[in-house]
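Engineer: Would you mind keeping the following structure in view while I ask a few things?
The values are calculated or read from the model by the stated rules, or taken from the named source; none is laboratory data. Fair warning: this is a prediction, and the values are worked out from it, not measured in the lab. Counting neighbours? That spans all protein chains shown, and the Cβs are built from the backbone with ideal geometry, glycine included. Surface accessibility is based on the protein's heavy atoms, side chains included, excluding ligands, DNA and RNA. Shrake-Rupley method; radii C 1.70, N 1.55, O 1.52, S 1.80 Å.
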Amino acid sequence: MTDIRMLGRDALPDAVPGGWQGEPRTWLLSVAEYTDGPDGALADKVLDAEERDRAAAFVREADRQRYRAAHTGLRRLLGAYLGVDPAAVPFTREPCPGCGAPHGRPAVTGTPLHFNMSHAGDLVLFAFAGAPVGADVEQVQPVAVADQVAASLHPRERAELAGLPAADRPAAFARCWTRKEAYLKGLGTGLSRDPAADYVGTGPRPVPVGSWTLTDLPVGDVRPGYAAARAVLGAARPPAS
C-alpha cells in the first residue's frame, strides 16, 4: 500500500531521514489540528510577503487558515527535503502549457524535486517526486452530485458509473475524479483540458494514461469520507520502508 504520512504540529525529527531520496512521497495535513497550536504563529515566520498578503485577502477565516496551514506545511516539507530554511525555499513558476507565459504551476528553483498540493474540507494533500507529479484530494459527494458531474467524464467512465447501484456510485466517482484531477494537475493544464479526453477508470485499480502512473491513496483510512490520488510521470518507485 502506498505510504502516506500525517504532518502535524510537531517538528519533523524523523519525518524525512536523509532528506529526499527521489522516490514519490505523499503527506496529509489536517487544517484544524495544524492551526490549533504553535504552527499557527509559525506561518508568520516562514511565509513570504506575497503569501501573507494572499492569505489576508480571503474573506472567510476558514479559507485564510487553510491557505496559511497549507503553504506553511508545504514550505516545511520542502525545506526538510532540500535541507534549507522553510522561509528560504526558492519558489518559481513553470511556463504555462497553454501560452508559455511564466504563470504555470509552482516549482522550486535548482532542484529535480517536483511537488503538487491539493485541499478539500479539513485536509491538505502534498505529493513529491523526481518527475512531474499531480495530486488531488476530494470529499466523497452524495450520489446526486456524483451523477451530475459524471456527465463531464470520459464516455467509458460514464458507462461504468451508470452500471453501478446508486449506493456504489459516490465512491467510484470519487476514485475516478481524483485520478483525473491528479493527472491533469501533473500535466499542468488542470481542468482547462477536457476531463472527458482521458480514461482513468472508475474501478478499484486506476488505468495508466500514456506514461503517467496513477495511484489511489488510502486517505479514507485516515479520514473516512475522503478520496485521493497521485499521478507521476513515468514508473513510480515504491516508497522506502
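Engineer: By how many nm would the segment from Gln139 to Met6 lengthen if fully extended, with 0.36 nm per residue of separation less the alpha-carbon distance?
Structural biologist: Computed gain between Gln139 and Met6 is 46.1 nm.
Engineer: In whole Å, what are the Cα extents of the chain along the three principal axes, biggest one first?
Structural biologist: 52, 40, 35
Engineer: Excluding ligands and nucleic acids, what accessible area in Å² is computed for Phe91 using a 1.4 Å probe, to the nearest 10?
Structural biologist: Counting only protein heavy atoms, the figure is 70 Å².
Engineer: A further question follows. Nearest 0.05, what FRET efficiency do Asp48 and Val207 give at R0 = 45 Å with Cβ-Cβ as r?
Structural biologist: The pair Asp48/Val207 has a calculated efficiency of 0.70.
Engineer: For segment 168-241, place one equal point scatterer on every Cα, skip the solvent, and apply the Debye formula. What is log10 of I(q)/I(0) at q = 0.11, 0.18 Å⁻¹?
Structural biologist: Log-scaled intensity ratios, in q order: -0.26, -0.70.
Engineer: Quick one: with all protein chains in place, what share of the accessible area of the chain is carbon or sulfur, to the nearest percent (1.4 Å probe)?
Structural biologist: Exposed carbon and sulfur together represent 55 percent of the surface.
Engineer: Using only Cα atoms, tell me the angle between helix 61-82 and the longest principal axis of the chain; keep it within 0 to 90° and round to the nearest 10.
Structural biologist: Taking Cα atoms only, the helix is inclined about 70 degrees.
Engineer: Ok, one more. Considering only protein heavy atoms, what is the solvent-accessible area of Asp168 at a probe of 1.4 Å, reported in Å² to the nearest 10?
Structural biologist: 80
Engineer: With the contact rule set at Cα under 8 Å and sequence spacing of 6 or more, what percent relative contact order holds for the chain?
Structural biologist: Normalised by residue count, the contact order of the chain is 19 percent.
Engineer: For the chain, what is the charge dipole size about the Cα centre, in debye to the nearest 20, if Lys and Arg each add +1 at the Cβ and Asp and Glu each add -1 at the Cβ?
Structural biologist: The dipole of the chain has a size of about 360 debye.
Engineer: Report the one residue of Ser211, Leu29, Gln139 whose Cα lies farthest in the direction of the positive end of the charge dipole of the chain (charges on C-beta: Lys and Arg +1, Asp and Glu -1; origin at the Cα centre).
Structural biologist: Ser211
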